[in-house]
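Below is one structure, written out as structure tokens, with a few remarks after it.
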Amino acid sequence: MSIDKAKTKDELKKASNYVITFLKWLLLSIVIAAVCGGVGCVFHLLIEKATELREMYDFIIYFLPVGGVVIVAAYHLLKQEKIDGTNYVIRSIRKDGSIPFTMAPGIMIGTVLTHFFGGSAGREGAALQLGGSLGSSLGKLFRLDEKDMQTVVLCGMSAVFTALFGTPLTAVIFVLEVVSVGTIYYSAIVPCVFSSVLAYFLTLLLGIEPIGYTLKLVPEIDAVSLLQTMGLGIVFALASILLCICFSKGHELLHKLIKNEYIRIMAGGAAVVLLTLLLGTHDYNGAGMGVVDNAILNGTARPEAFILKILFTVITLGCGFKGGEIVPTFFVGATLGCTVAPLIGMDPGFGAAMGLVGVFCGATNAPLASIMLSIELFGVQGLPFFALICSICFMLSGYFSLYSSQIIVYDKLKVVLINRNSR
């Protein structure tokens, strides 16, 4: 009898632990969504306004080198010059979840100035840094232990990513999947979903519209369309490898050639200005979402656009300007897909959509998040094609990644534990 009572008492204790943990993360998620989602919405609006002003007044781009000096000075003032952005956040999640609060204002100021003056950069990568910093600061405020600190950082990243792009489920899966390829932090799924969905609700309350597209033509599933998709998958996998190599080696080369941070960022800004004048277009300044929209909705893109976007982004980020790598990845994939798809008989707009998702998958090693991204951006009609593209790009992109601190836990070809860094 006493044994049964002890067993019942133990079961009740375990059940109460589940309830208490659930309620704890529900309350924390509300705070995270309010703080991180709120800051993310402000960040979103600032970038939109910066882009609007730059497009309204073309002469602003001439001050890009000056903006670069301000960014370097701000990072020195905040003592953030030695922190390598998203890679630092990823390493912190695997360690203790401790990220300095000063990363948040640093990345906000740097990214907004980069977009305002016309550097080529995204925003979602910056969202990971901003959300990670704010999430970590909240964790310290509530005196969470080391394991909970890792979770709260993931929650912050989910909330800010959602506020900037309006894809709550993609945000959740991405932050759970990107840190260690082959393992997912399932214990963080409830708080991350709460934080992300609540942040999404906040964006809707503030009138921030999520990004979404209606595809004009989705092919029927047959032998020809599947073979065409497989061919595109190989092209997008190679493009993701090229992208990762250019970003990595370009950064190393620029830092090796020009040691001084101020001179390097001024030279990079001047190079972007010169390239913009030579090409006679502002398509490659800022995030370039207008070009992405045109490729997907209208099926038009210049054939050299994806190469030029890589060049502009390598110079911008490699020389010290701030922002994300993800939207440039979207740009590269969408314009490449729009160009290549008609060559094999596929609709250019649908090819652009598959390119956006495929190159993102290959460059981040996040296949589940990429499939979810295709659903939240394009709906479920073309899901089999997007799933096929993602699986091919994930496998064939090898160990390359936008994030050198990303760990490949399991080999992509066999169920073998390898625990190696991406490259």
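The values are calculated or read from the model by the stated rules, or taken from the named source; none is laboratory data. Note that the structure is predicted; figures quoted are calculated from it, not measured. Cβ sites come from the backbone with ideal geometry, for glycine too, and all protein chains shown count toward neighbours. Note: accessible area is taken over every heavy atom of the protein model, side chains too, but ligands, DNA and RNA are not part of it. Shrake-Rupley method; radii C 1.70, N 1.55, O 1.52, S 1.80 Å.
Annotations
- Any hit, segment 247-268, residues being open to solvent by 50 Å² or more (accessible area, probe 1.4 Å), out of contact with any Asp or Glu (no Cβ under 6 Å at 6 or more places or on another chain) and not in a helix (DSSP H, G or I): yes
- Top-ranked residue in segment 82-100 [being open to solvent by 40 Å² or more (accessible area, probe 1.4 Å) and either under 21 Å from the mean Cα position of the chain (by Cα) or free of Cβ contacts under 8 Å to residues at least 12 places away in the same chain (or both); ranked as farthest from residue 286 (Cα to Cα)]: 95
- Scanning segment 327-386 for residues that are open to solvent by less than 10 Å² (accessible area, probe 1.4 Å), in a helix (DSSP H, G or I), under 23 Å from residue 245 (Cβ atoms) and among the polar types (S, T, N, Q) yields 329, 335, 364, 370.
- Taking the listed residues 64, 164, the one that is within 30 Å of residue 24 (Cβ to Cβ) and either outside any loop (DSSP other than H, G, I, E, B) or over 21 Å from the mean Cα position of the chain (by Cα) (or both) is 164, with no other qualifying.
- Qualifying position, being modelled with pLDDT of 95 or more and either assigned to a loop (DSSP other than H, G, I, E, B) or surrounded by fewer than 20 Cβ atoms within 10 Å (Cβ to Cβ) (or both), among 225, 187, 196: 225
- Subset tally (residues that are over 22 Å from residue 174 (Cα atoms) and open to solvent by less than 40 Å² (accessible area, probe 1.4 Å)) for segment 114-131: 6
- The residues on offer are 131, 135, and the sole one that is outside any strand (DSSP E or B), touching a residue at least 60 places away in the same chain (Cβ under 8 Å) and touching a Phe, Trp or Tyr at 6+ places or on another chain (Cβ under 8 Å) is 131.
- Hey, residue 51 at pLDDT 95 or above, surrounded by 16 or more Cβ atoms within 10 Å (Cβ to Cβ) and among the polar types (S, T, N, Q) or not: yes
- Selection over segment 395-407 of residues that are surrounded by fewer than 24 Cβ atoms within 10 Å (Cβ to Cβ) and touching a Lys or Arg at 6+ places or on another chain (Cβ under 8 Å) gives a count of 7.
- Of the set (1) hydroxyl-bearing (Ser, Thr, Tyr); (2) under 24 Å from the mean Cα position of the chain (by Cα); (3) open to solvent by 20 Å² or more (accessible area, probe 1.4 Å), all apply to residue 57 but (2).
- Scanning segment 78-105 for residues that are touching a helix residue (DSSP H, G or I) at 6+ places or on another chain (Cβ under 9 Å), outside any loop (DSSP other than H, G, I, E, B) and not hydroxyl-bearing (Ser, Thr, Tyr) yields a total of 8.
- Per the conditions (1) within 18 Å of residue 33 (Cα to Cα); (2) surrounded by 24 or more Cβ atoms within 10 Å (Cβ to Cβ), the sole criterion not satisfied by residue 137 is (2).
- Among residues of segment 269-294 being among the β-branched types (Val, Ile, Thr) and under 18 Å from residue 323 (Cβ atoms), the one that is surrounded by the fewest Cβ atoms within 10 Å (Cβ to Cβ) is 273.
- Residues in segment 295-309 that are part of a helix (DSSP H, G or I), out of contact with any Phe, Trp or Tyr (no Cβ under 8 Å at 6 or more places or on another chain) and open to solvent by 30 Å² or more (accessible area, probe 1.4 Å): 2 in all.
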